[in-house]
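*Asks:* Sharing a structure below in structure tokens format, with a few things to ask.
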There are 2 protein chains.
Amino acid sequence: MGRKTTKSGKIRLTEVAKLAGVSPITASRFFRNPEALSLSKRERVDSAVKELGYVPNLAARALASHRTEVIGVVIPSLTNNVFADVLRGIYDSSEGSRYSIQLANTRYSILQEEKLLQLFRAQKPAGLIVTGINQTAESRAILESMNCPVTQIMEIGDAPVDMMVGFSHYDASFAAISHILAQGRRRIGFLGARMDPRVQRRLDGYRDAMKAASMFDASLIVTTSVPTTVTLGGTLFADLLAQAPDIDAVFCVNDDLALGVLFECQRRQLSVPRDVAIVGFNDLEFMASAVPSLTSVRTNRYEMGRHAVTMVIDAIEGRRPQEPVLDLGFQLMVRESSVPPNT
Amino acid sequence: MGRKTTKSGKIRLTEVAKLAGVSPITASRFFRNPEALSLSKRERVDSAVKELGYVPNLAARALASHRTEVIGVVIPSLTNNVFADVLRGIYDSSEGSRYSIQLANTRYSILQEEKLLQLFRAQKPAGLIVTGINQTAESRAILESMNCPVTQIMEIGDAPVDMMVGFSHYDASFAAISHILAQGRRRIGFLGARMDPRVQRRLDGYRDAMKAASMFDASLIVTTSVPTTVTLGGTLFADLLAQAPDIDAVFCVNDDLALGVLFECQRRQLSVPRDVAIVGFNDLEFMASAVPSLTSVRTNRYEMGRHAVTMVIDAIEGRRPQEPVLDLGFQLMVRESSVPPNT
DNA sequence: ACAATTATTGACAGCGCTACCATCGGATTG
DNA sequence: CAATCCGATGGTAGCGCTGTCAATAATTGT
């Protein structure tokens, strides 16, 4: 009579309920709201589940409950190291919870984002994490109509769809430029690639900081919509030198560009930081180990992912945060590339 | 009477069928096997779907059909650039298909992998992509019992669970070492971190190439189980120099380590390649742009992702490949860091 | 021209679970 | 002590779709 088979046969909730001597609905509640069961039944169901090796059928659950346990994540890039860290935070935080992550990649296209959100809407996710605050009106309408918690990540702003976790790219950039100015540099170039909204705000911070110091000059700015690479950093730097040969510092919107600039300086026998100071953005791991070590703005990417998931899950389960906008800030990591060579 | 509401109300397949004047099952077939419908009905259903803005309920579909349209992907790391490229290929190829990707991260733990595979088994995915060929016996048993196409990626071997796409890490490493030896270098150090199975095979290739040239010396090898970073490359190189001061070349199991070695050489005023040749692995983008440019082994990561998905989808739909093992090979990208300075 | 075959189509039942409400003791209250 | 309430439990009905198989229409061969 040993039909307590672990074989992936027909173990449904009904079987569990039978073994535990309760009704199926009680067994169902064991998973969704165990506190509602009396201790004795809870234990009986628990051991029945274990004995039978029961695994819930998620499709049936979703169909019957009109809900899923999926958190959708919309990011613009899979190759950008920045998002790799965010994703790691997201996956780390979602493990152990009942929710699973469904990833979607917009490739920096807001139209693609709109399509992906439509897809998500059809799936009725339990929660959603989207990148940035520059959705199209249509995307925003979808998000607002979704009837599930939404967290916008990577930056913060005034009008969250629901919740936000990020930092001010404008402030971070402003702080970086202020630091460079404080080192006595006057002709600070700006190098930007793949000018997404967050990079635009870094440019705004640069512009305002330069204007505040009466150092602004449009010919110090070189940008392109091309995706970032290290090689591109060198190219942009060459362009910058061509149009403003007297620069004494470069602010790069990300660390890959900064590394490219460093290599280009080596190629041109320019001394860093004597001839040119270099400051990057994101503080990827290699920045500390370059020669000279490179100054950068550290952002809390992993934590951003963790918080985003936690906020969404908490909101799904009714624990809404006091404050919907969470500012994770940034830190300027001052290194050799931006301070006087002989301090 | 204009109840052709686009409002996300109650548009089920039944409504579509009614509007199209067919039975629900015919409407259902429109999605799963449109060729089976007569042209007239196909068009009627098609326009009904569009008019009503019908979106299939995936949960109901999964419940009724005992299948999902999910392809599970098991990778060991989210931060490793190598997998970022593979993932990009996977997501790019899955877009436009009916299948969605479910990602899971083992963090290089084969026990974690086992757990994740158990989870996947419960969800009955349509297909599975797993990293490497070193699953536990238990994992392998799960994979074989899953009754869905499985593709192992990143490397190739003799006994595929089902299909494979990758390349020989042993051969790639052997080729790299042969190249360095051909440049007249004799004391070639080996730097390895996070010694996962694929890195181990690179070590095997190194060892055999060195032995074949009668140049093998265990004191030339420095490895650690710590995860790779650029900084670690410098540290390992320092260790190597300490235990074998006479080295004239370094082979690094990945490009991050190689970059770290380059920086460490700059710090120690060692000339590359005159004093030390450097060769990396993977050919990340920055290798070409470093000063000097760094030799590396190019691997077709993006293509690996693309092929893996294509193979799985084809197999799901009954188009099994002639040859279950696909070798994508590698290319040695010879650059300044490994050739004589004055050629 | 007629049986045999093949392409289309539909009826029925049910996938495994949970929403909704009903039930039923027992505790609380005036 | 009856009226009320509450926590714990169960019964009934589907959720929206598709597998199975039978029924019908179209096609073909001889």
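Readers should treat all values here as calculations from the given coordinates under stated rules, not as data from a laboratory. Fair warning: this is a prediction, and the values are worked out from it, not measured in the lab. No Cβ is skipped: glycine too gets one built from the backbone with ideal geometry, and neighbour counts run over all protein chains shown.
*Asks:* I need the calculated FRET efficiency for the pair residue B:14 and residue A:159, taking r as the beta carbon distance and R₀ as 35 Å, to the nearest 0.05.
*Replies:* Details: r = 40 Å, r/R0 = 1.15.
Computed FRET efficiency for residue B:14 and residue A:159: 0.30.
*Asks:* When you have a sec, figure out the Kirkwood radius of region B:192-325 from all distinct Cα pair distances and drop it here in Å to one decimal?
*Replies:* About 16.4 Å, per the Kirkwood formula over Cα pairs.
*Asks:* Next question. How would you order B:214-220, B:45-51, A:173-179, A:274-280 from highest to lowest mean count of nearby Cβ atoms within 10 Å?
*Replies:* Sorting B:214-220, B:45-51, A:173-179, A:274-280 by mean packing, highest first, produces A:274-280, A:173-179, B:45-51, B:214-220.
*Asks:* Residue by residue through region B:304-315, what is 3J(HN,Hα) from phi via Karplus (6.51 cos²θ - 1.76 cosθ + 1.60, θ = phi - 60°)? Round to whole Hz and write x for glycine and proline.
*Replies:* With coefficients 6.51, -1.76 and 1.60, one gets 4, x, 4, 4, 4, 5, 4, 4, 5, 5, 4, 5 Hz.
*Asks:* Here's another thing I want to ask about it. When you look at the Cβ of every residue in B:60-68, what mean number of other chain Cβ atoms sits within 10 Å?
*Replies:* 3
*Asks:* Calculated FRET efficiency, residue A:213 and residue A:64, Cβ-Cβ r, R0 56 Å, to nearest 0.05?
*Replies:* 0.30
*Asks:* I would also like to ask the following. Per residue of B:42-54, count partner chain C-beta atoms within 10 Å of its C-beta, then hand back the mean as an integer.
*Replies:* 0
*Asks:* Of the candidates A:198, A:12, A:268, which one comes out as most mobile in a Gaussian network treatment of chain A with C-alpha springs shorter than 10 Å?
*Replies:* Per the Cα network of chain A with a 10 Å cutoff, A:12 tops the list.
*Asks:* Can you tally the net charge around residue A:37? Count Lys and Arg as +1, Asp and Glu as -1, for every other residue whose Cβ sits under 11 Å from the Cβ of residue A:37.
*Replies:* Net charge in that neighbourhood comes out at +2.
*Asks:* Something else about it: In nm, what does the list of distances from residue A:92 to its counterparts in the other copies look like, shortest first, when each label sits 7 Å along Cα to Cβ?
*Replies:* 2.9
*Asks:* Please tell me which of these pairs span more than 23 angstrom C-alpha to C-alpha: A:10/B:10; A:18/A:50; A:10/B:115; B:18/B:41; A:18/B:115? Show your work: numbers first, answer last.
*Replies:* Values: A:10/B:10 32 Å; A:18/A:50 14 Å; A:10/B:115 21 Å; B:18/B:41 12 Å; A:18/B:115 28 Å.
A:10/B:10; A:18/B:115, as the Cα separations exceed 23 Å there.
*Asks:* What Kirkwood hydrodynamic radius do you get for chain B when you take the inverse of the mean 1/r over all pairs of distinct Cα atoms, in Å?
*Replies:* Taking the inverse mean of 1/r over all distinct Cα pairs, chain B comes out at 22.7 Å.
*Asks:* Just to verify a number: FRET efficiency for residue A:339 and residue B:40, C-beta to C-beta distance, R0 = 51 Å, to 0.05?
*Replies:* 0.10
*Asks:* Now a separate question. Give the long-range amide H neighbours of residue A:190: residues separated by 5 or more places, or on another chain, with amide H under 5 Å away, using H modelled in the peptide plane at 1.01 Å from N.
*Replies:* Correct list: A:221, A:222, A:251.
*Asks:* Can you work out ³J(HN,Hα) from phi for every residue in region A:234-247, in order, using Karplus 6.51 cos²θ - 1.76 cosθ + 1.60 and θ = phi - 60°, giving whole Hz and x for Gly and Pro?
*Replies:* x, 4, 4, 5, 4, 4, 4, 4, 5, 8, 8, x, 9, 5
*Asks:* Here is a further query. To make sure I understand, if each residue's beta carbon is the centre and we count other beta carbons within 10 Å, what order do B:336, B:264, B:35 fall in, fewest to most? Present the calculation step by step, with values, prior to reporting the outcome.
*Replies:* Values: B:336 18, B:264 24, B:35 6.
Arranged by neighbour count, lowest to highest, B:336, B:264, B:35 become B:35, B:336, B:264.
*Asks:* Tally Lys/Arg at +1 and Asp/Glu at -1 over every other residue whose Cβ is under 13 Å from the Cβ of residue A:115; what's the total?
*Replies:* Net of charged neighbours comes to -2.
*Asks:* Next question, about the same structure. Please give me the summed charge of the neighbours of residue B:195: other residues whose Cβ is under 12 Å from its Cβ, Lys and Arg +1, Asp and Glu -1. Before the final figure, lay out the partial values.
*Replies:* On the way: positive: B:194, B:198, B:201, B:202; negative: B:196, B:204.
Cβ neighbours under 12 Å give a net charge of +2.
*Asks:* For peptide A:96-108, compute the average count of partner chain beta-carbon atoms within 10 Å of each residue's beta-carbon.
*Replies:* Rounded to a whole number, the mean comes out at 3.
*Asks:* Please report, for residue A:226, the nm distances (one decimal) from its label point, 7 Å out from Cα along the beta-carbon direction, to the equivalent points in the remaining copies, shortest first.
*Replies:* Distances to the matching label points in the other copies: 3.6 nm.
*Asks:* Specify which residue in the list B:252, B:97, B:75 is farthest towards the positive end of the charge dipole of the protein assembly as shown, using unit charges on the beta carbon of Lys, Arg (+1) and Asp, Glu (-1), about the Cα centre.
*Replies:* The listed residue farthest towards the positive side: B:97.
*Asks:* Starting from the amide H of residue A:100, placed 1.01 Å from N in the peptide plane, find each other amide H under 5 Å away whose residue is 5 or more places distant or on another chain.
*Replies:* A:70, A:71
*Asks:* Under the rule of at least 5 residues apart or a separate chain, name every residue whose amide H is placed under 5 Å from the amide H of residue B:326.
*Replies:* Hits under the 5 Å cutoff: B:164, B:165, B:166.
*Asks:* Between residue B:317 and residue B:97, what is the spin-label point distance in nm, taking each point 7 Å from the Cα along the Cα→C-beta axis?
*Replies:* 0.9 nm
*Asks:* To continue, here is another question. Using only Cα atoms, what is the ratio of the radius of gyration of region A:278-343 to 2.2 N^0.38 Å?
*Replies:* Cα Rg divided by the expected 2.2 N^0.38 Å: 1.59.
*Asks:* Given label points at 7 Å from Cα along Cα→Cβ, what nm distances, shortest first, separate residue A:323 from the same residue in every other copy?
*Replies:* Spelled out, the distances from residue A:323's label point are 6.1 nm.
*Asks:* Would you mind ranking A:31, A:120 so that the residue whose beta carbon has the fewest other beta carbons within 10 Å leads the list?
*Replies:* A:31, A:120
*Asks:* Distance in nm between label sites at residue A:115 and residue A:242, each 7 Å beyond Cα in the beta-carbon direction?
*Replies:* 3.5 nm
*Asks:* Across region B:80-91, in residue order, what do the Karplus-derived ³J(HN,Hα) couplings come to in whole Hz, using 6.51 cos²θ - 1.76 cosθ + 1.60 with θ = phi - 60° and x for Gly and Pro?
*Replies:* 4, 3, 4, 6, 4, 5, 4, 4, 4, x, 5, 5
*Asks:* For region B:13-56, calculate the relative contact order in percent as a whole number, restricting contacts to Cα pairs under 8 Å that are 6 or more residues apart.
*Replies:* 43 percent
*Asks:* When only Cα pairs under 8 Å and 6 or more residues apart are kept, what is the percent relative contact order across chain B?
*Replies:* With pairs under 8 Å counted, the relative contact order is 16 percent.
*Asks:* I want to verify the translational diffusion coefficient of region B:13-56 in µm²/s; compute it with Stokes-Einstein, Rh as the Kirkwood radius over Cα pairs, at 37 °C and 0.692 mPa s.
*Replies:* Value of D from the Cα-based Kirkwood radius: 336 µm²/s.
*Asks:* What percent of all Cα-Cα pairs in the protein assembly as shown falls in each 10 Å bin, counting up from 0?
*Replies:* Pair shares across the bins are 3, 13, 21, 23, 20, 12, 6, 2, 0.
*Asks:* Ranked by Cβ crowding within 10 angstrom, fewest neighbours first, how are A:144, A:95 ordered?
*Replies:* In increasing order of surrounding Cβ atoms, one gets A:144, A:95.
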